[in-house]
Amino acid sequence: MQNYSPYQFAIARILTGVLAIYIGLIVLDPISLHAPFPIVAGLWAHLIAGACLVVGRLRRLAALIVLLSICSFLTFPTPLALAVLAGICAPFALMLLAPAGETLRLGLPGTTIFAKLRKMIPGKASSTLPSAWRMPGALAIAALLAAAMLTVLLLIYSIPAPLSTFAWLAVATLAAGGLNLAWLFPPRPRPAAQSSQPIVFFDGVCGLCNTAVDFLLNVDRAGVLRYAPLQGENAARLLPPEMTADMDSMVFQDARGVLHTRSEAILRIGVQMGGLWSLGAPGLLIPRTVRDALYDTIAHNRYRWFGKKDSCRMPSVQERKLFLM
């Protein structure tokens, strides 16, 4: 699905893991001292699977374990309860069916070795960069329909707790995973005129700035932004001299040609990209002196905290069309 952020799906995955852990804790507590060992072991497997969903490891296997445990340990006394429990299972089905490769996954010892071994298997090598991940549109629509149907059931019928609590958490998770925020906050189109292109000017030798550029390259799926080092010829031509002399501030030229610096630049970049990143727009309501104080603290210590390169960042072959040196 175009412009759907892998970070948005990662948030939905974390919420799904929290839901699984919550269900496991509620079910495990009253029976842990009386149930046979296989049932208790199954519930502990359920909790571990929920934790795996939170950290983003073995997502599909973890989702399958939670689905099986819900079907095994929870009862369906009425058709209404069956429908509600089907809705509660829907987020885990979404996690099971969604493609692998989203972001916000905890790196664990040994995972690099397994990744190298996986690449050696024919047909198994695939990119796990956020920029390579796509959410199937049909799956997102199915998640939204499930959220809508579950909401209708909760509003029409009186569902007892904790089932209703589980169901509302499932609604929130399905909405987070299915609703493409780019539909509500579309990225602002890039103007054809070179002079009004949205451009991110960054310190080309700063480790933090280069990491930020790598992040923007991954999440700017619409290809709205262009990038230029503050040390380059384009920055000297397009920016006032005081902005190129002060390397402590990232500079953003928006689609109207207006220049923004410091915290203003960071927030305006998010608005320009649209989708999930537009949610940072309310930060513009915070007094700029407060925002810039935090920005300046990081900027003044960026070389010491994040390192300094010997020369400016050189774009790869795929990135060259996005860079204005």
Given segment 221-325, what strands (runs of 3 or more DSSP E) lie entirely inside it while holding 2 or more residues that are under 23 Å from the mean Cα position of the chain (by Cα)? 226-229
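A quick yes/no check of all residues on (1) assigned to a helix (DSSP H, G or I); (2) crowded, with 18+ Cβ neighbours inside 10 Å:
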{"site": "Ala140", "(1), (2)": "yes, yes"}
{"site": "Ala143", "(1), (2)": "yes, yes"}
{"site": "Met149", "(1), (2)": "yes, no"}
{"site": "Ala161", "(1), (2)": "no, no"}
{"site": "Ser164", "(1), (2)": "yes, no"}
{"site": "Trp168", "(1), (2)": "yes, no"}
{"site": "Val171", "(1), (2)": "yes, yes"}
{"site": "Gly177", "(1), (2)": "yes, yes"}
Suppose we filter Val171, Val200, Val224 for residues that are within 23 Å of Leu104 (Cβ to Cβ), in contact with a helix residue (DSSP H, G or I) (Cβ under 9 Å, 6 or more places away or on another chain), in the same structural domain as Ala81 (by TED's automatic domain parsing) and of a type outside the set (Gly, Ala, Ser); which single one remains? Val171
Among the residues of segment 182-197, are any modelled with pLDDT of 80 or more and assigned to a loop (DSSP other than H, G, I, E, B)? no
From the list Gly257, Gly232, Gly275, exactly one residue is crowded, with 22+ Cβ neighbours inside 10 Å and touching a residue at least 40 places away in the same chain (Cβ under 8 Å). Which is it? Gly275
Residues in segment 302-321: is at least one modelled with pLDDT of 80 or more, buried (at least 17 other Cβ atoms within 10 Å of the Cβ) and within 30 Å of Asn180 (Cα to Cα)? no
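The values are calculated or read from the model by the stated rules, or taken from the named source; none is laboratory data. Source: prediction; values computed, not measured. Cβ: placed from backbone, ideal geometry, glycine included. Neighbour counts: every protein chain shown.
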